[in-house]
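Input: a single structure, listed below in structure tokens.
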Amino acid sequence: MCRYLAFLGLLLAACAESSTEPDDPSDVKLGEPSDDIDPEIIGAAVRTNSAHFQMCYEEGRQANPELAGRIEVRFSINPDGTVGQAMAAETSLPTQVTKCVIHAFYKLQLPRQEAAIIAQYPMFFQPS
């Protein structure tokens with residue numbers, strides 16, 4: 001999360017925490033997820049950002065209107081509630097859709113934690 005400091009009419013950003021979002025999500029390797037966070041909390045953050053995930057799916061449907069699939073996203077949550085790293089633990093979606101969903105996870109803001117944790121969240125996509 002960045003803090004903004006105003007000085008002489010200039011806006012300067014000083015970042016205290018940052019994600020380490022890689023260019024290629026397949027480069028990320030995370031350990032096993034813990035049970036230290038309620039899946040409903042993750043679900044609420046995902047629902048808040050559902051437009052990002054829906055956009056990923058709709059882009060995939062342009063190539064395949066019948067696209068349907070599942071992805072399990074494994075990700076680390078920093079103590080400040082930001083996502084530090086994310087990867088597809090399992091996916092049946094095309095590579096482009098998978099990468100888009102992973103990148104969208106970096107936009108999530110979760111509750112503060114005492115320590116960084118690893119979580120995993122399933123997502124399902126299908127035509128309506």
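None of the figures in this text is laboratory data; all of them are computed from the coordinates on show. No experiment lies behind these values; they were computed from the predicted model shown. So basically every Cβ, Gly included, is an ideal-geometry build from the backbone, and we count neighbours across all protein chains shown.
Summarising the amide proton neighbourhood of residue 93: residues at separation of 5 or more, or on other chains, whose placed amide H is nearer than 5 Å comprise 70.
Each label was represented as a point 7 Å from its Cα along the Cα-to-Cβ direction; for residue 58 and residue 126 these points are 2.1 nm apart. Residue 55 sits among other residues whose Cβ lies under 14 Å from its own Cβ, and their net charge, with Lys and Arg +1 and Asp and Glu -1, is +1. The residues neighbouring residue 67, those whose beta-carbon lies less than 13 Å from its own, together hold a net charge of -1 under the Lys/Arg +1, Asp/Glu -1 convention.
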